[in-house]
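Okay, so here's the structure we're looking at.
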Amino acid sequence: MRDKFLRMTPELYTYMVDHGARQDAVLTRVEQETEALGSIAVMQIAPDQGALLTLLVQMIGARRALEIGTFTGYSAICIARGLPPDGQLICCEIDENWAAAAERNLRDAALDELVEVRLAPALDTLRELSPEEPFDFAFVDADKTSYADYYDEVLRLLRPGGVMVLDNVLLGGRVLSGDDDAAKVMSRLNSEISQDERVDCAMVGVADGITLVRKR
């Protein structure tokens, strides 16, 4: 049945977040302060995504995690909260101001000792990392035209059984038309992942679409 999906209304979405995404004072503040930035706030993940990230990290027993694109730190907080006390999260962020904001918010959440924010192009950071120290979990949410490269590099660094989550895989529906560079890259990558024998995958309609990938 390909019509078995729910058309979300603002009221229903609010209900879902209120009942399925536990936001404490820190996450609420980060969300509100980021929303106040205006149109750029669209780069922040939604509360239901954050709750899902925390749960996924906990479910797979992740100790080492990667984040590609950190922005103001909402998603980093959610990932780090799923890690054990001796866990590690490496965040890749290219913008100096966002990196500073993320570090400040992580300190406020008492997670700064678990998290290292690396200020550099994400591909540079990823290519410096060795698969001999593999990661258990990765979240990809940065510039969309580089997603194919991020996918390959992150997959190289994941352990067998490790999980990667890619955000914005539907691009507001633009993947159907491919009218811009980001949509063309994403559409091509979505097709490649669906046929990639190295992984198991599921694309789900959370927020702007996310793809869950498990390395075989």
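Read-outs: derived from the displayed coordinates by stated rules, not from any lab. Because the structure is a prediction, the values reported are computed rather than measured. Glycine gets a Cβ as well: all are built from the backbone with ideal geometry, and neighbour counts include every protein chain shown.
Across the chain, the longest piece that holds none of the GluC sites (Glu not before Pro) lying in DSSP loops with up to 13 other C-beta atoms within 10 Å covers 1-112. Here the residues Asp179, Asp167, Asp48, Asp136, ranked from fewest to most Cβ neighbours within 10 Å of their Cβ, fall in the order Asp179, Asp48, Asp136, Asp167. Taking the centroid of alpha carbons for each part, segment 160-216 and segment 1-68 are 18 Å apart.
Summing +1 for each Lys or Arg and -1 for each Asp or Glu among the other residues whose beta-carbon sits under 12 angstrom from that of Ala41 gives -3. Ordering Met203, Met43, Met59, Met164 by the number of other Cβ atoms within 10 Å of each residue's own Cβ, fewest first, gives Met59, Met203, Met43, Met164.
Working from Cα pairs under 8 Å separated by at least six residues, relative contact order for the chain is 15 percent.
Site pair Asp24 and Glu96 shows an inter-label distance of 3.2 nm when each label is modelled 7 Å from Cα along Cα→Cβ. The tail of the calculated P(r) for the chain, taken as Cα-Cα distances beyond 31 Å, holds 15 percent of the pairs. By the count of neighbouring beta-carbon atoms within 10 Å, fewest first, Arg81, Arg104, Arg2 end up ordered Arg2, Arg104, Arg81.
Using the alpha-carbon positions of segment 125-186, Rg (one decimal) and Dmax (whole number) come out as 13.1, 40 Å. Using a simple spin-label model with pseudo-atoms 7 Å out from Cα toward Cβ, Arg104 and Arg198 lie 3.9 nm apart. Computed over neighbours whose Cβ is under 13 Å from that of Gly173, the net charge equals -2, Lys and Arg +1, Asp and Glu -1. If the label point is 7 Å along Cα→Cβ of Ala207, which residues in segment 89-124 have backbone nitrogen under 12 Å from it? Output list for this probe position: empty. Shown here for segment 1-63: chymotrypsin sites (Phe, Trp or Tyr not before Pro) in loop regions (DSSP other than H, G, I, E, B) with at most 11 other Cβ atoms within 10 Å, namely Phe5.
As a calculated quantity, the FRET efficiency between Leu119 and Ala41 at R0 = 30 Å, using C-beta atoms, amounts to about 0.90.
Annotation: amide H-H contacts under 5 Å for Ala138 (H modelled 1.01 Å from N, sequence separation of 5 or more, or interchain): Leu66, Val163, Met164, Val165.
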